[in-house]
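Peer 1: Here it is: the structure, laid out below.
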Amino acid sequence: MSTGRGFEHPAFFMRYDIEISGIEAAPQGSKIRTRYGMREASERLGPWRDAVRVEALAACGELIEEACSVAVEFRFLRPKGDFGAKGNLRPSARTHYTAKKNDIDKVCRSLLDGLTGAAFADDCYVVVLSACQRYCLPGERPGATVTIETLS
């Protein structure tokens, strides 16, 4: 719909909010060579992608087939060593999640592959990606909160 001012209103806007809870994100990308060929290094990858796909199918209607943005917040459990004997957080505990086993780019890759075919037709439609990762707050479960919005 044209307004006559060189400004186009989108005919249809899609937004999906997806909550994945109870499972930590797994990285995708690192491979291990075996005598049978190459395989993913993370054994957690399959269950993580399955959880993403199940939640996306439940939350999403039709597949997005246009430019979209994805915003994701990953939540990870704190290591037990961050807590003292009485269960209090130690002063020496890290503030930010910086574990080497879950690089943010690799957990984003596994998330986008899990969303492909469930939220959007292909992850090539994702043109804006915003991601952060943090430790779970007390009583919070690991997982991810994902928002997908079409841009046109």
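Peer 1: What residue among Y135, Y16, Y36 has the largest mean-square fluctuation in a Gaussian network model of the chain, using Cα springs under 10 Å?
Peer 2: Ranking Y135, Y16, Y36 by mean-square fluctuation puts Y36 first.
Peer 1: Let me ask something else about it. Given a Förster distance of 41 angstrom, what is the FRET efficiency for D17 paired with N88, based on the Cβ-Cβ distance and rounded to 0.05?
Peer 2: Working: r = 34 Å, r/R0 = 0.82.
Calculated transfer efficiency: 0.75.
Peer 1: So between E149 and D113, what do we pick up on full extension, going 0.36 nm a residue minus the alpha carbon distance?
Peer 2: On the way: separation 36, 0.36 × 36 = 12.96 nm, distance 1.69 nm.
Contour length minus the Cα-Cα distance gives 11.3 nm.
Peer 1: For the pair L137 and M38, how long in nm is the line joining their label points, each one 7 Å along Cα→Cβ?
Peer 2: 4.1
Peer 1: How many angstrom separate the Cα center of the stretch 106-152 from the Cα center of the stretch 81-104?
Peer 2: 24
Peer 1: Tell me the accessible surface of E55 in square angstrom (1.4 angstrom probe, heavy atoms of protein chains only), to the nearest ten.
Peer 2: Surface accessible to solvent at E55 totals approximately 70 Å².
Peer 1: May I have the extent of the alpha carbons of the stretch 81-140 along their three principal axes, as whole Å values ordered from largest to smallest?
Peer 2: Extents along the principal axes, in whole Å: 49, 21, 18.
Peer 1: I would also like to ask the following. If I model the chain as equal point scatterers sitting on the Cα atoms and use the Debye formula, what is log10 I(q)/I(0) at q = 0.10, 0.16, 0.17 Å⁻¹?
Peer 2: Ignoring solvent entirely, the Cα scatterers give -0.44, -0.91, -0.98.
Peer 1: Ordering R109, R75, R44 by accessible area with a probe of 1.4 Å, largest first, what comes out?
Peer 2: R109, R44, R75
Peer 1: Let me ask something additional. Using 0.36 nm per residue of separation minus the Cα-Cα distance, give me the extension gain between L77 and L57 in nm, one decimal. All intermediate terms of the calculation are to be shown ahead of the outcome.
Peer 2: Details: separation 20, 0.36 × 20 = 7.20 nm, distance 2.55 nm.
Separation in residues times 0.36 nm, less the Cα-Cα distance, equals 4.6 nm.
Peer 1: What does the accessible area of M14 come to, in Å² to the nearest 10, when a probe of 1.4 Å is used?
Peer 2: The value for M14 is about 10 Å².
The values are calculated or read from the model by the stated rules, or taken from the named source; none is laboratory data. Since the structure is predicted, the reported quantities are computational estimates derived from the model, not experimental observations. Quick reminder, even Gly has a Cβ in these numbers, built from the backbone with ideal geometry, and neighbours come from all protein chains shown. The accessibility values were calculated without ligands, DNA or RNA, using every heavy atom of the protein model including side chains. Shrake-Rupley method; radii C 1.70, N 1.55, O 1.52, S 1.80 Å.
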